There are 2 protein chains.
Amino acid sequence: MERNDIEALVERLRAGDVRALARAITLVENGAAGEAPGLLSLCFPHTGKALRMGITGAPGAGKSTLVDRLAGRWRAEGRTVGVIAVDPSSPFTGGALLGDRIRFRDRQEDAGFYARSMATRGTLGGLAQATADVALLIEASGKDALLIETVGVGQDEIEIARLADITLVVLAPGMGDDVQSLKAGVMEIADIYVVNKADRDGADRVEQEIRAMQSLAQTHGEWIPPVVRTVGTTGEGVDNLAAAIAKMHAWLTGQGRLTARRALQWARRLDAMLRTELMRRARQHGVAEDELARHAAKIAAGQEDPWSVARELAGKIVEKK
Amino acid sequence: MERNDIEALVERLRAGDVRALARAITLVENGAAGEAPGLLSLCFPHTGKALRMGITGAPGAGKSTLVDRLAGRWRAEGRTVGVIAVDPSSPFTGGALLGDRIRFRDRQEDAGFYARSMATRGTLGGLAQATADVALLIEASGKDALLIETVGVGQDEIEIARLADITLVVLAPGMGDDVQSLKAGVMEIADIYVVNKADRDGADRVEQEIRAMQSLAQTHGEWIPPVVRTVGTTGEGVDNLAAAIAKMHAWLTGQGRLTARRALQWARRLDAMLRTELMRRARQHGVAEDELARHAAKIAAGQEDPWSVARELAGKIVEKK
């Protein structure tokens, strides 16, 4: 694509053209040769105002229902909403998209709403990066609130949740290990706990377990993650959840905390982007894919030492004029 | 550490000194400044002969019991065995080590056996890399068979399984979603399926489901992954499992397939190692951590564009003499 075409695409995307947004996302997801950085770079100045929320928790806790409820509530208030549903364990993007169409059928005609599924794309870490890029495009299309929902509670999900300004961790009674199953990594990223399906037996116990684990976990400055009870299927407690989010948002925007949090996120992303850019230049400077493969074959045969090879290849790039 | 000290450590490790091995693993896990590459490089020539097996599958399928059975069987045959138990969702290495001591108490006096737990260490992808490094050290200490066991079935586990020559995927009847829960990513890496707890109702159905999914999945050349039934608690079927592993091993060593498989693994690792080495040099050439943090703060405040920053920083390194 020519520079002009990319600029035109960004213009259409910003004007609310859903097809342009979908096209841009596809370009970024496919890592289209050299186009993604330019596209993202053009969109970047039009971002920063939306509130980005991550929603994680064990499968079956009712995250999707809560996302739908929150989205519906904010749309009713006139706020525009974007949703990204990420399933790191699924290799199928296409399949997930079908799920979207069914799930968000009622909102298909709503110009203030956009939903997109993402699935795993080969490399580790790549999914968090790709999710961040897609979130940026959706935000640039003029959404006030972004909900990034993950399917499970593994390391991938934690990485994705770290992209968010506010992370909701959703639990529900009667899910086997309950809070134990979440592991400490998830507890560390929680800004707000949601006990969903709170009309079921055991909601008290789940809340008690959260409180008990919380006393062991590190705190987030002065912010003490609240526990909010909801029943996603009826909408009960969703007002309280929205209020907790609004409260945290207000806390974040005070004393530059939001910018500080985002700066930490950008430091991580910048590190990853720099690695990618260095590898791209490494390829330009003669370390081609097939050169890596040639060395790998010699290493597998025990004829070369991988650490020496890495040093030698890095030297070729860095010393080169 | 001086070069001489590292050489002495490798000598002791190779001579079967368990403490030297543990020390080397700790150095590599902690990414001790500059020592890990030298240490690994010295160990590398003493590796390549061991068979590396990955064992993955849903929690509760009985992977640990099977690992213990296989290890016991091979030890009885006089083969030396190393075990790495990886839990990507746990942030605690120390805690996992306590588990080892209890689990492998009976083998504590056995010089032909070594077990080590690993847990998540901050960065994504880093765990697979660290597991590969630890596997290399254990192999260099003179083990004939390496069993790399993961706790769950997420993307991390798939990355770790990809380090292996042979990947076993363990299922068991009555585990909720059964085969469906494994997702296609796991099906693609399976070389041998194990239906454990085969004395329970539903073993037939699990096997049928595997066969059904298999017909959809890609094949591994001429190798059609067999399905082996076991009862880990009694040891039933473990002979058949060992035979299936031996058969695959023989198939792999024929026509250079093992070397080809390892070459693919090394190509992936070499790419990761090159990125790490480039970043290390980037730091030497003046892209310090605090420079990244400074840019990140400006990006978060919307004053700089991250893609331009990444290009600029990469340019500083690659253009530099």
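The values are calculated or read from the model by the stated rules, or taken from the named source; none is laboratory data. Only a predicted model underlies this, so the values are computations on that prediction, with no experimental measurement involved. A quick note on method: Cβ atoms are made from the backbone with ideal geometry, for glycine too, and the neighbour counts reach across all protein chains shown.
Taking the condition of being more than 18 Å from B:L241 (Cα to Cα) and either of a type in the set (K, R) or part of a helix (DSSP H, G or I) (or both), how many residues in segment B:201-213 meet it?
5
May I ask you to list the residues in segment B:231-267 that are farther than 17 Å from B:I166 by Cα and either touching a Phe, Trp or Tyr at 6+ places or on another chain (Cβ under 8 Å) or not acidic (D, E) (or both)?
Result: B:V231, B:G232, B:T233, B:T234, B:G235, B:G237, B:A267.
Would you say B:G221 is modelled with pLDDT under 95 and either away from chain A (no Cβ under 14 Å) or out of contact with any Lys or Arg (no Cβ under 8 Å at 6 or more places or on another chain) (or both)? Working first, answer last.
Details: modelled with pLDDT under 95: yes; either away from chain A (no Cβ under 14 Å) or out of contact with any Lys or Arg (no Cβ under 8 Å at 6 or more places or on another chain) (or both): yes.
So B:G221 passes the test.
Residues are listed down the side, and each one gets a yes or a no for (1) modelled with pLDDT under 90; (2) within 10 Å of chain A (Cβ to nearest Cβ); (3) surrounded by fewer than 17 Cβ atoms within 10 Å (Cβ to Cβ):
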site	(1), (2), (3)
B:R229	no, no, no
B:G232	no, no, no
B:Q265	yes, yes, no
B:L270	yes, yes, no
B:M273	yes, yes, no
B:E277	yes, yes, no
B:E289	yes, yes, yes
B:A310	yes, yes, no
B:K321	yes, yes, yes
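Which of the following residues is away from chain B (no Cβ under 14 Å), surrounded by 13 or more Cβ atoms within 10 Å (Cβ to Cβ) and of a type outside the set (D, E, K, R): A:A203, A:A250?
A:A203
Only one of A:M273, A:M248, A:M213 is assigned by TED's automatic domain parsing to the domain that holds A:R75 and within 20 Å of the chain's Cα centre (by Cα); which?
Only one candidate passes the filter, namely A:M248.
Give the residues of segment B:51-62 that are within 13 Å of chain A (Cβ to nearest Cβ) and modelled with pLDDT of 95 or more, sorted by residue number. Spell out how you get there, then give the answer.
Start the filter on segment B:51-62 by keeping residues that are within 13 Å of chain A (Cβ to nearest Cβ), which leaves B:52, B:56, B:58-60.
B:R52, the sole residue that qualifies.
Quick grid of which residues meet (1) modelled with pLDDT of 90 or more; (2) over 25 Å from B:M187 (Cα atoms):
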| position | (1), (2) |
| --- | --- |
| A:S90 | no, no |
| A:A96 | no, no |
| A:R103 | no, yes |
| A:E109 | no, yes |
| A:T123 | no, no |
| A:L146 | yes, yes |
| A:V153 | no, no |
| A:E157 | no, no |
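Tell me, which residue of segment A:291-305 that is of a type outside the set (A, V, I, L, M) and at the interface with chain B (Cβ under 7 Å from one of its Cβ atoms) is surrounded by the most Cβ atoms within 10 Å (Cβ to Cβ)?
Taking the candidates together, the pick is A:H295.
From the list A:T56, A:T65, which one is among the hydroxyl-bearing types (S, T, Y) and under 16 Å from the mean Cα position of the chain (by Cα)?
Working: A:T65 fails: under 16 Å from the mean Cα position of the chain (by Cα).
Only one candidate passes the filter, namely A:T56.
May I ask you to list pairs of residues, at least six apart or on different chains, whose Cβ atoms are under 9 Å apart, with the first in segment A:1-24 being within 13 Å of A:P37 (Cα to Cα) and the second being among the polar types (S, T, N, Q)?
A:A24/A:S141
So, in segment A:34-78, how many residues would count as being among the small types (G, A, S) and either more than 25 Å from A:I158 (Cα to Cα) or part of a helix (DSSP H, G or I) (or both)?
Of segment A:34-78, the ones among the small types (G, A, S) are A:34, A:36, A:38, A:41, A:48, A:50, A:54, A:57-58, A:60-62, A:64, A:71-72, A:76, A:78.
So of that shortlist, the ones also either more than 25 Å from A:I158 (Cα to Cα) or part of a helix (DSSP H, G or I) (or both) come out as A:34, A:36, A:38, A:41, A:64, A:71-72, A:76, A:78.
The total comes to 9.
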